[in-house]
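J.: One structure is given below, represented as structure tokens, and several questions about it will come after.
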Amino acid sequence: MKTDFGKTNIRYLHGVGEKRAELFNKFGISSVSALLDFYPRTYEDWSNCFTISDAPLNEPCCVKARAICAPTAHKAKSGITLFRFVVSDGRTTMNILIFNNKYAAAKIKVGEEYLFFGRVSGNLYQREMLSPAIEKALSGDKIRPIYRQSEGLTTKVVEKCVASAMERVQEVKEEILPDWMIKQYALCDVYEAYRNIHQPISKQGLDKARHRLAFEELLKLQLGISLLSRRKRVRCERSVYKSYLDEFVSLLPFEMTGAQVRAVNESLGDMMDEHPMSRLVQGDVGSGKTCVAFALVHTAVKNGLQCAMMAPTEILARQHFESAKKILGNSGVRTALLLGSTGAKQKRQIKEMLKNGEIDFVIGTHALVQGDVEFKRLGFVVTDEQHRFGVAQRAALASKGENTHMLVMSATPIPRTLALIIYGDLDISILNERPAGRMPIKTYHIDSTKREKAYDYIKKHLDRGRQAYIVCPMVEEGESDLASATEFFERLQKDSFKNYKLGLIHGKMKASQKAQVMEEFGSGEINLLVATTVIEVGIDVPNAVVMVIENAERFGLSQLHQLRGRIGRGSHKCSCILISDAQNNTAMDRLAVMCQTDDGFKIADEDLRQRGPGDFFGNKQHGIPELKIANMLTDMEILMQTQAAAKQIMSGEKESGTPLSRAVAEMFRNIGDNGFN
């Protein structure tokens, strides 16, 4: 029977104490219940032992063998002490090497049998294992959980602490899934799941445990998002009665793509309905999302509504404001820009005009959600680059109006099935066409020995009147981003590009300084912009045709794609050059994907496969709970099952039960203004 023991501070759990509790706290673990939800990141299968000759080469495996000589020490040139000894399984021998660990070597006794877990290398005649994990044969024959660890908190320590918590698992966890669901989807019970996820006795039991816990996690996610969506579907008086799309199209100096027109019409259909619109417009970099937003702003204003657009950076907000002036300047839409860096006097004027209804459309940053920003009749809100905002910020802006229509724009392509989960409270429009005249971007990977050739390639384009970017090397943790960028810029200015006008932009600059640099780059006064990832969003200079990214292996795939999207904004051929000396397979695969395609959706799929949904989505920023065990890429079958189960509950066809309702509320409690608090 469940008690309050799960809420007990972890420091009071047997084997933890104050110092270890502090280390666990760094992982976000403060209670006994949270410790049980700290699932192993992987497992070592010591239960399936191989003979030396049958052990697969270069793959993690367990070999059972007897030590036939004592370890002897050898000093390497590098100063490392190697301990070498030979083991035998009765038919074949194998060399074991231990690096710099005299304590492990001292435990080896001649004639005793051990389990060695590691990678076997060599050939048919000679086998060896480097730095294996070693256990006595009688004590180690099982599947071992491997936990995230830190200095002072090894996986073995975590395993012991979890084992202590598992002794009272029935006081900590309760069965939250109703009986009908457990039977219908052939799930194991919650106690069996926790036993086998932390202390598996077989691969089959481990698989069943993981399936059950992933099912429970995805079900809670589905139910929570369904409830949020249902609460937001309130009936209201219609605020938009007529479309002005034809009039907007006549303002444009270009032709809208079919995907843009479709997205606008889908959105206008929502806005003319009796429910407030909540829609996501998702498109690749350069697909024309801003044009869609301006088309809707134009119609909303013509229907008597005020509009607001919130961007994550001042650079992006300024960019949108300049675009709005060009497109909407002759339409009668009165537009203003409100930033944190806007002068006090001008801020007061803008706020007064918003309150009086003298401004139709305001573009800004977080400054828009300040308490003293009031509107006369706010009816339509756009948030750009949604992955930079949380649910609470989105809701805070919309709450300044009544039954406000909401459009979310994202240039982070997400597979549609996953988008339905991440943005479960939003309808989705996808922009999958490149605007006419936009050229594809050719991407190349070179090593640092060809850096000067890449720089010569940039100079050829600068000499023809074009412009370029060089993205600074991403610094290692603990290094100064500012110092690194400044030093890199000065070196380029002094050496490789001494005859050209260079500009530098980085995150530590004042907003006014960034704005000045961007203005000079946009006007062509600066030939080459040296930048950090601050240019990842919001830079639109059609004359920039080359981008070089230093240390490209240190960037994620989606980030590389966002950076690359700063070129290819005009009708000129463009090139992106990735400089990297990386040799590891993951980095090489990532760079190869960038060279093979500039399709953001394909890149998103690969990024998700490589990094997993937690890193890819930045769940906390998205405003959805962090997933601890489910993987939305590999658990698609479970995802479909939980969608069906959630549908049965939400339709009233099946009962959920109080424990499940409580668990859903608990999962969503810490993600901002979500209606569960």
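J.: Based on DSSP H runs of at least 4 residues, each adding -39500 (n - 2.57), what is the mean residue ellipticity at 222 nm of the chain after dividing by all its residues, to the nearest 500 deg cm²/dmol? Kindly include the intermediate steps, with their values, before the conclusion.
T.: Details: 24 runs with 265 residues, N = 677.
When only DSSP H runs of four or more count, the value is -12000 deg cm²/dmol.
J.: Mind jotting down the distance between the C-alpha centroids of segment 58-94 and segment 451-471, whole Å?
T.: So the separation of the two Cα centres works out to 54 Å.
J.: Show the residues, 5+ positions off or on another chain, whose built amide H is closer than 5 Å to the amide H of MET406.
T.: MET277, SER278, ARG279, VAL381
J.: What is the distance in Å between the Cα centroid of segment 574-610 and that of segment 288-329?
T.: Distance between centres, Cα-based: 33 Å.
J.: Please report the net charge: other residues with Cβ closer than 13 Å to the Cβ of VAL373, K and R +1, D and E -1.
T.: On the way: positive: LYS347, ARG348, LYS351, LYS355, LYS376, LYS400; negative: GLU352, ASP372, GLU374.
Its environment carries a net charge of +3.
J.: Taking other Cβ within 10 Å of each residue's Cβ, how do MET439, MET271 sort, fewest first?
T.: With the fewest neighbours first, MET439, MET271 line up as MET439, MET271.
J.: Sequence gap at least 6, Cα distance under 8 Å: using those rules, report the relative contact order of segment 245-431 to the nearest whole percent.
T.: Relative contact order, segment 245-431: 33 percent.
J.: Determine, from the Cβ-Cβ distance of GLU22 and ASN100 and an R0 of 30 Å, the FRET efficiency 1/(1 + (r/R0)^6), rounded to the nearest 0.05.
T.: So the FRET efficiency works out to roughly 0.60.
J.: If I take all pairs of Cα atoms in segment 48-141, what percentage of them are more than 19 Å from each other?
T.: Distances greater than 19 Å cover 34 percent of the Cα pairs.
J.: Once mean projected area of the Cα convex hull in nm² is worked out from the coordinates, which option in (i) 29.4; (ii) 35.5; (iii) 31.5 does it equal?
T.: Read-out from the structure maps to (ii).
J.: Still on this structure: Would you please put 551-564, 645-658, 186-199 in order of how densely packed they are, using the mean number of other Cβ atoms within 10 angstrom per residue and starting with the highest? Let's see the in-between values first.
T.: On the way: 551-564: 21.8, 645-658: 14.8, 186-199: 18.2.
Ranking the peptides 551-564, 645-658, 186-199 by packing returns 551-564, 186-199, 645-658.
J.: Still on this structure: What lysines does LYS460 reach when the alpha-carbon gap must be under 26 Å and sequence neighbours fewer than 8 apart in one chain are set aside?
T.: Once the sequence-local lysines are set aside, what remains near LYS460 is LYS442, LYS450, LYS494, LYS498, LYS501, LYS573.
J.: Let me ask another. Please work out how much length the chain gains when fully extended from HIS14 to SER651, using 0.36 nm per residue of separation minus the C-alpha to C-alpha distance, in nm with one decimal.
T.: Length difference between fully extended and current span is 224.8 nm.
J.: Under 16 Å Cα-Cα from LYS156, which aspartates and glutamates qualify once same-chain neighbours fewer than 8 residues away are excluded?
T.: Candidates past the 8-residue exclusion: GLU44, ASP45, GLU135, ASP141.
J.: Additional query: For LYS7, give me every one of the aspartates and glutamates with a C-alpha distance below 14 angstrom, ignoring sequence neighbours fewer than eight places off in its own chain.
T.: Hits, sequence-local ones excluded: ASP37, GLU171, GLU174, GLU666.
J.: Quote the relative contact order of the chain in percent (integer), defining contacts as alpha-carbon pairs under 8 Å separated by 6+ residues.
T.: Taking the mean separation of contacting Cα pairs over the length of the chain, I get 13 percent.
J.: Going out from 0 in 10 Å bins, what whole percent of all Cα-Cα distances in segment 245-431 drops into each bin?
T.: Reading upward from the zero bin: 9, 40, 38, 11, 1.
J.: Follow-up question, since we're still on this one. Enumerate the helices in the chain for which the Kyte-Doolittle hydropathy averages 1.0 or more and the C-alpha atoms extend at least 27 Å along the helix's axis, using complete DSSP H runs.
T.: Helix filter hits for the chain: none.
J.: Could you tally the net charge around GLU525, taking each other residue with its Cβ under 12 Å from the Cβ of GLU525, Lys/Arg +1 and Asp/Glu -1?
T.: With Lys, Arg at +1 and Asp, Glu at -1, the net is -1.
J.: Right, next: What pairs in LYS109/LYS208; LYS345/LYS508; LYS400/LYS647 have C-alpha atoms more than 29 Å from each other?
T.: Where the Cα-Cα span goes over 29 Å, the pairs concerned are LYS109/LYS208; LYS400/LYS647.
Readers should treat all values here as calculations from the given coordinates under stated rules, not as data from a laboratory. Computed from a prediction, not measured in an experiment: that's the story for all the values here. So basically every Cβ, Gly included, is an ideal-geometry build from the backbone, and we count neighbours across all protein chains shown.
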